[in-house]
Amino acid sequence: QVHLVESGGGLVQPGGSLGLSCAASGTIFSIEAMGWYRQAPGKRRELVATTTSSFSANYGDAVKGRFTISRDTVKNTVYLQMNSLSPEDTAVYYCTAEISSQGGRNYDLRHYWGQGTQVTVSS
């Protein structure tokens, strides 16, 4: 069993910064990718940022230049540094990861989601 636990959400003023983290725990053989999506009320879930096992990063258009994703492979943790936040960034942020719990011929990559953490940008 694999679990993703997010932390770091909260309330921040427009123009401010906030950092999120997500730690994967459980039976983990390898993690191929980790990242973040977000969903605002009444909107579809959208890509924020993802990073692969080779540390390449992909960002959603709405956050390019403001958000930075990073990853600690030893701690199985992904981070999201959010700068220049605006009210449009208000959403529930979900951590996601592609993880296999076994190697060799039992390698079985599965997609996991965290429970989500609320980020509210408001004055």
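The values are calculated or read from the model by the stated rules, or taken from the named source; none is laboratory data. Bear in mind the structure is a predicted one, so any value in this text is a computation, not a measurement. We place every Cβ from the backbone using ideal geometry, glycine too, and count neighbours over all the protein chains shown. Protein only, heavy atoms only, side chains kept; ligands, DNA and RNA dropped before computing areas. Shrake-Rupley method; radii C 1.70, N 1.55, O 1.52, S 1.80 Å.
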Exercise for the section: Using only Cα atoms, locate the centre of the stretch 61-123 and the centre of the stretch 1-18, then give the distance between them in Å, rounded to an integer. Expected result: 9 Å
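Given a Förster radius of 35 Å and the C-beta distance between SER123 and HIS3 as r, what FRET efficiency does 1/(1 + (r/R0)^6) yield to the nearest 0.05? Walk me through the intermediate numbers first.
Working: r = 35 Å, r/R0 = 1.00.
After rounding to 0.05, the efficiency reads 0.50.
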Problem - For the stretch 18-32, 3J(HN,Hα) per residue [Karplus equation, 6.51 cos²θ - 1.76 cosθ + 1.60, θ = phi - 60°, Hz, x = Gly/Pro] - result: 7, x, 10, 9, 9, 10, 9, 9, x, 8, 10, 8, 8, 10, 7
Problem - Kirkwood hydrodynamic radius (C-alpha pairs) into Stokes-Einstein, the stretch 27-79, 37 °C and 0.692 mPa s, D in µm²/s - result: 273 µm²/s
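Counting other Cβ atoms within 10 Å, keep those with at most 10, restrict to DSSP loop, and tell me which chymotrypsin sites (Phe, Trp or Tyr not before Pro) in the stretch 54-123 are left.
PHE55
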Handout entry: Largest-first ordering by accessible area, 1.4 Å probe, given options ASP61, ASP89, ASP72
Key = ASP61, ASP72, ASP89
Exercise for the section: Quantify, in whole percent, the carbon and sulfur part of the accessible surface of the chain (1.4 Å probe; protein heavy atoms only). Expected result: 47 percent
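Under the Kirkwood approximation applied to all pairs of distinct alpha-carbon atoms, what is the hydrodynamic radius of the chain in Å?
Details: mean 1/r = 0.0684 Å⁻¹.
Computed over Cα pairs of the chain, the Kirkwood hydrodynamic radius comes out at 14.6 Å.
Computed FRET efficiency, Cβ-Cβ of LEU109 and SER84, R0 30 Å: what is it to the nearest 0.05? Don't jump to the answer; show the numbers that get you there.
Numbers: r = 34 Å, r/R0 = 1.15.
E(calc), rounded to 0.05, equals 0.30.
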Exercise for the section: Pop out the ³J(HN,Hα) list for the stretch 66-72 in order, Karplus 6.51 cos²θ - 1.76 cosθ + 1.60 with θ = phi - 60°, rounded to Hz; leave Gly and Pro as x. Expected result: 10, 10, 9, 9, 9, 8, 10
Practice task
Please report the Cα spread of the stretch 65-117 along all three principal axes, rounded to whole Å, starting with the longest.
Solution key: 47, 21, 17
Completion exercise
Rounded to one decimal in nm, the spacing of the 7 Å Cα→Cβ label points at SER25 and ALA57 is 2.7 nm
